[in-house]
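Heads up, the thing below is written out as C-alpha cells.
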Amino acid sequence: MRALILTDIHSNLEAFRAVLEDATSRGGFDEVWCLGDIVGYGPDPGECIELLRRHNHISVVGNHDLAAAGNLSTHDFNSHARFAVHWTAAQLMPEHTQFLLSLPEVIQREEFTLVHGSLRSPVLEYLLSTEAAIATFHLLESHFCLVGHSHIPFICREKNSLYSFEPFPEGDAVLLGEERLIINPGGVGQPRDGDPRPSYALYDSDEETIRRHRVTYHIEATQEKMRRAGLPERLIQRLNYGV
Ligand code: ZN
C-alpha cells in the first residue's frame, strides 16, 4: 500500500495538482492521507476540497478548516489570515462547510496517527520544540505520528528516551524501524521553510519507507487568482519566498 501524505493545501489548487501529478509519476498511490488545512490563504477553497474528495482519502481537520466552517474563533489569527478565513467562508458551498465540519481531529491508520497540530492540542499547537514533541510521544498510541500546521518538514526521533529533531531529507528513503517518529512532510500550498516548492511525502508499506519530495508549480497562476479575489498582497508575495 502506498499513501500520499500531504498537509496545508491552503486552497492552492495549482500546488495541490502539481503534488498529485508528481506523486503519480513516482509510482502512484492508493490513498491520500491529508493532515488538515485544506483551505485558508489561497484562492480555490471549494476546488481543493472537491479535488481531495475525488481521491481515496482520509483527512483530519486543521485550524483554518474549522475557522472557515465557523467552528473556531479567528481571535488568534493575524489580520491577513483572518481576512482570508472570512473570504474563504464566503466562497464555500454548504456541502463544503459540512465536509470540513465532518473531519475528525485525530485518525489512526495502520502504524500512524494523523493530526494537524499535536496530540496535546490537535488543531492549534505548533509541534516545533522538544517539550511539545515529548508531550505528543506520551499521548501517541501508534508507532508514528504525522503532523502538519507549521509547514516545516522534519522528523523527530525518540531514541532511548532522548528526542532529536532532524531534517526530513528530500528524495532519500527514510526506513521506518523500531524508533518512534513524529513526521511533518512540509506544506503544499504555502511552504514556510524558505523554499517555495510544495513539499509532500510518499509512504510505502511494503518497503516500510517514507520519502519526501518537492515539486515546482505555476506560482504566478495562483498569485493572479489571489489578486483578482482581492486577497492580501502579503499572502501573495510570501508564496515567492516560501515563508
Ligand atoms: Zn496551515
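Note on the stretch 207-237: residues that are touching a residue at least 24 places away in the same chain (Cβ under 8 Å), open to solvent by less than 30 Å² (accessible area, probe 1.4 Å) and assigned to a helix (DSSP H, G or I) total 5. Quick check, is Asp8 closer than 16 Å to Gly189 by Cα, touching a residue at least 24 places away in the same chain (Cβ under 8 Å), acidic (Asp, Glu) and part of a helix (DSSP H, G or I)? Taking the combined requirement at face value, the residue does not satisfy it. Does Ile58 satisfy being surrounded by 14 or more Cβ atoms within 10 Å (Cβ to Cβ), under 20 Å from Arg211 (Cα atoms), among the β-branched types (Val, Ile, Thr) and within 14 Å of the chain's Cα centre (by Cα)? Against the criterion (surrounded by 14 or more Cβ atoms within 10 Å (Cβ to Cβ), under 20 Å from Arg211 (Cα atoms), among the β-branched types (Val, Ile, Thr) and within 14 Å of the chain's Cα centre (by Cα)), Ile58 qualifies.
Could you please let me know if Glu178 is on the phi < 0 side of the Ramachandran plot, modelled with pLDDT under 95 and out of contact with any helix residue (DSSP H, G or I) (no Cβ under 8 Å at 6 or more places or on another chain)? So Glu178 fits the description; yes. Candidates in the stretch 71-100 are the residues that are part of a loop (DSSP other than H, G, I, E, B), among the aliphatic types (A, V, I, L, M) and under 25 Å from Arg227 (Cα atoms); of these, the one that is least open to solvent (accessible area, probe 1.4 Å) is Leu92. Screening the candidates Leu51, Leu103 for the property of being of a type outside the set (Lys, Arg), out of contact with any Pro (no Cβ under 8 Å at 6 or more places or on another chain), open to solvent by 10 Å² or more (accessible area, probe 1.4 Å) and within 16 Å of the ligand (Cβ to nearest atom) yields one hit, Leu103. Taking the criterion of being among the aliphatic types (A, V, I, L, M) and surrounded by fewer than 18 Cβ atoms within 10 Å (Cβ to Cβ), the only residue of the stretch 175-200 that qualifies is Leu175.
When Gly187, Gly177 are screened for being outside any helix (DSSP H, G or I) and within 18 Å of Trp33 (Cα to Cα), only Gly187 passes. For Ser205, the conditions (1) within 18 Å of Glu111 (Cα to Cα); (2) under 20 Å from the mean Cα position of the chain (by Cα) are fulfilled apart from (2).
Scanning the stretch 106-118 for residues that are open to solvent by 30 Å² or more (accessible area, probe 1.4 Å) and either closer than 28 Å to Glu233 by Cα or not in a strand (DSSP E or B) (or both) yields a count of 2. Of everything in the stretch 28-44 that is in contact with a strand residue (DSSP E or B) (Cβ under 9 Å, 6 or more places away or on another chain) and away from the ligand (no atom under 11 Å from the Cβ), the residue that is most open to solvent (accessible area, probe 1.4 Å) is Asp30. Could you grab me the full set of residues in the stretch 54-70 that are within 16 Å of the ligand (Cβ to nearest atom), under 16 Å from Pro94 (Cα atoms) and assigned to a loop (DSSP other than H, G, I, E, B)? The one that is within 16 Å of the ligand (Cβ to nearest atom), under 16 Å from Pro94 (Cα atoms) and assigned to a loop (DSSP other than H, G, I, E, B): Ala69. In the stretch 141-174, the residue that is nearest to the chain's Cα centre (by Cα) out of those that are in a loop (DSSP other than H, G, I, E, B) and surrounded by 19 or more Cβ atoms within 10 Å (Cβ to Cβ) is Gly148.
The values are calculated or read from the model by the stated rules, or taken from the named source; none is laboratory data. Just so it is clear, the structure is predicted and the values come from calculations on it, not from any experiment. FYI the Cβ positions are ideal-geometry reconstructions off the backbone, even for glycines, and counts take in every protein chain you see. For accessibility, only protein heavy atoms count, side chains too; no ligands or nucleic acids. Shrake-Rupley method; radii C 1.70, N 1.55, O 1.52, S 1.80 Å.
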